[in-house]
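Reviewing the structure listed below.
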Amino acid sequence: QPYSKLISSQLSWDFVNQQGRMRATAKAVDLVALQAQHPVNWPVRVSTGSVDYDGSWHWQAKNLSDNKHQFQLANVNGAAQDYGITNMSGDVQVAAVDDALQSNYNLHIQALQPLAASNKLLINNAHLELNTTSPKSKGLAKAVSSVHEWQDTNFKGHFLGGEIRSQADAWALTNLN
């Protein structure tokens, strides 16, 4: 509650072989209301935006396997760490790998504004790719929100008429005005 009305799902179960599948989808979930009701340590404090969800699970006997989840973000505004965010979209995919949940973020941000700087430092059209791994026992919400475990962060965008790129903690600036 109150999102149960937005979720559509289908469960199939084979009683003989003790295996089954479930698929669930939800469209246009309001991220502001979701964060207010279910606080998770997601890296973005959202002021506007929505998310679509598509997930699947597969059980064999008592073992849960082959579960995959995709979150499609749209029109997200807010703040993340030291940056203001304007119009973020993209997808987050979470899949089970061995005893872990692997999360892959592929996000496009129209503008990043360093919160402690002037508007002249606006970074336009940034593309962000993030990967994180979290123990499967922590569950889906923890896998998506495990910001402290991000690895292989890539970042590129337009900055002061030139281009800005980062790989982990190394930054490169070219053709600045």
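Just so it is clear, none of the values below were taken in a lab; they were calculated from the coordinates. Bear in mind the structure is a predicted one, so any value in this text is a computation, not a measurement.
If you work out Cα extents along the principal axes in Å from the coordinates, which of (1) 61, 32, 22; (2) 45, 37, 32; (3) 69, 33, 21 do you get?
Working out Cα extents along the principal axes in Å from the coordinates points to (3).
Determine the calculated [θ] at 222 nm for the chain from helices alone, applying -39500 (n - 2.57) to every DSSP H run no shorter than 4 residues and normalising by the residue count; nearest 500 deg cm²/dmol. Don't jump to the answer; show the numbers that get you there.
Details: 2 runs with 14 residues, N = 177.
Theoretical 222 nm ellipticity from helices: -2000 deg cm²/dmol.
Using the Karplus equation 6.51 cos²θ - 1.76 cosθ + 1.60 (θ = phi - 60°), what ³J(HN,Hα) coupling, rounded to whole Hz, does each residue of region 66-81 give in order, writing x for Gly and Pro?
In residue order, the calculated couplings are 6, 9, 9, 9, 10, 10, 9, 8, 9, 6, 8, 10, x, 9, 9, 6 Hz.
What is the gain in length, in nm to one decimal, between L6 and E163 on full extension, counting 0.36 nm per residue of separation less the C-alpha to C-alpha distance?
Here the answer is 52.4 nm.
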